[in-house]
1. So if I check each of S179, S171, S186, which one is more than 23 Å from the chain's Cα centre (by Cα) and closer than 21 Å to A103 by Cα?
2. For the range 211-235, what are the residues that are in contact with a helix residue (DSSP H, G or I) (Cβ under 6 Å, 6 or more places away or on another chain) and among the β-branched types (V, I, T)?
3. Could you list all residues from the range 211-252 that are hydroxyl-bearing (S, T, Y) and in contact with a strand residue (DSSP E or B) (Cβ under 6 Å, 6 or more places away or on another chain)?
4. Considering (1) crowded, with 21+ Cβ neighbours inside 10 Å; (2) of a type in the set (V, I, T); (3) in contact with a Pro (Cβ under 6 Å, 6 or more places away or on another chain), say which one V404 fails and leave the rest.
5. Determine, yes or no, whether Y282 is surrounded by 17 or more Cβ atoms within 10 Å (Cβ to Cβ), part of a helix (DSSP H, G or I) and either among the aromatic types (F, W, Y) or more than 23 Å from the chain's Cα centre (by Cα) (or both).
6. Determine whether T126 is among the hydroxyl-bearing types (S, T, Y), modelled with pLDDT of 95 or more and at negative phi.
7. From the set of residues in the range 144-174 that are among the small types (G, A, S) and surrounded by 19 or more Cβ atoms within 10 Å (Cβ to Cβ), which is farthest from S331 (Cα to Cα)?
8. Between V312, V271, which is closer than 29 Å to W191 by Cα, assigned to a helix (DSSP H, G or I) and among the β-branched types (V, I, T)?
Amino acid sequence: MSTTMTSPTGPTTEVQPTVASHLHDYWGRVRGGDIGSLPAILGLVALCLIFSVARPAFFTPLNFANLFSQGAAVIFIAMGLVFVLLLGEIDLSAGFASGVCGAIMAILLTDQGWTWYAAIPVALGTGVAIGFALGFLVSKLGIPSFVVTLAGFLAFQGVLLVLLDGGKNISIRDPFVLSLAKNNMSVALSWALAVVLILGYATTQLLRFRARATRGLITDPMGIVLARIGGLAVLLVAAVAVLTQERSINPLSISVKGVPLVAPLIAVALVAWTFVLGRTTYGRHVYAVGGNKEAARRAGIAVDRIRISVFVIGSFMAAIGGIFAASRANSVDPNSGGSNVLLYAVGAAVIGGTSLFGGKGRVLDAVIGGAVIAVIDNGMGLMDFSGGQKFIFTGLILLLAASVDALSRRRAAATGNR
């Protein structure tokens, strides 16, 4: 297949790539340092195989469903951190910021008697306010994000203690909030969602192929497009087939089937933020500022606004993570958002392929990295590893991901593939 193009010297023919040439070019990019999420995906597959062999209970429908609720809070927080990391910044306060937002929601629900549709917006608004304050200090006052967010990390622990009167536990009894991390879709709705996702993805891919071909632009080979669609279809069908099996310990008294409600909510956030980063002017500006701040400023991009906005998005997603964490735990306490939440969230973004140096990353990285973190935590728990062993192994995985990032950037610079 070829496309005729017009140039100042006359018409030229641009040859469309074949499947073989496309794969060859992809391998060339990988060798040149552009590896994206490939290490995380390979690691995820390897970990699943290892834990499945070591503990057959790992791939049971019950445990598979638990992975979604187990990793939801970290994934949501990591999605927001991707935006911050794309600018080469860091947000060390995201964990306790999520705890503060979750605590505010719990106080309004339980102590003040508010409805969920009033309490949740206030919690989200608190996240936005926190992000704006952090972003303003970083962009307008020029304080390094490490210092600002480290101060936030400490301050928000104090705020959480103040909100909880020094250490009390607030239970959450609102049915809607509790359902977010615990309820499941019906079997019929689960399959309907899978079909909609497959058809939606297929339509998007085919329309994009047609639009580029119509304009005479280089397109991915149709075989690659169909392979992507088929791969997603196989993955979704397999997941739904497992999740729609009975996983109740006592099915005679209560039946538990269907895709966990948190799964489509993660998918909605993934699609929305991927669209923002990949299909909007704002997203292009984020990548531009992350790639070269001074060049972006000279190009007319409002750099300070972009820097403030990524912290707003980061804290907003941290608030969502705090809400899901509170839903899963049925309560909030002074440790909400603490412990390993921040480390896991940063680790998820970096392990998934987002660069610590800025300018490279996708929201999908947070989901893939979050899945790796959830699998490690869950699998090692099933194998009776101690908390210390979990931390050591997860830390080594994060160090490995950061090393791969640094080496890939060095390789890209050496081969001119920046």
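1. On inspection, the qualifying residue turns out to be S171.
2. T219, I224, V225, I229
3. As a first pass, look at the range 211-252 and keep what is hydroxyl-bearing (S, T, Y): 214, 219, 244, 248.
Of everything in the range 211-252, nothing turns out to be hydroxyl-bearing (S, T, Y) and in contact with a strand residue (DSSP E or B) (Cβ under 6 Å, 6 or more places away or on another chain).
4. (1)
5. On the way: surrounded by 17 or more Cβ atoms within 10 Å (Cβ to Cβ): no; part of a helix (DSSP H, G or I): yes; either among the aromatic types (F, W, Y) or more than 23 Å from the chain's Cα centre (by Cα) (or both): yes.
Here the answer is no, as Y282 does not meet what is asked.
6. Values: among the hydroxyl-bearing types (S, T, Y): yes; modelled with pLDDT of 95 or more: yes; at negative phi: yes.
Answer is yes for this residue.
7. From the range 144-174, those among the small types (G, A, S) are 145, 151-152, 155, 158, 166-167, 171; that's our starting set.
Those left that are additionally surrounded by 19 or more Cβ atoms within 10 Å (Cβ to Cβ): 145, 152.
Working: S145: 31, G152: 23 Å.
Filtering first and then ranking leaves S145.
8. On the way: V312 fails: closer than 29 Å to W191 by Cα.
Of V312, V271, the one residue that is closer than 29 Å to W191 by Cα, assigned to a helix (DSSP H, G or I) and among the β-branched types (V, I, T) is V271.
The values are calculated or read from the model by the stated rules, or taken from the named source; none is laboratory data. The model shown is predicted, which means the values in this text are computed figures rather than measured ones. Quick reminder, even Gly has a Cβ in these numbers, built from the backbone with ideal geometry, and neighbours come from all protein chains shown.
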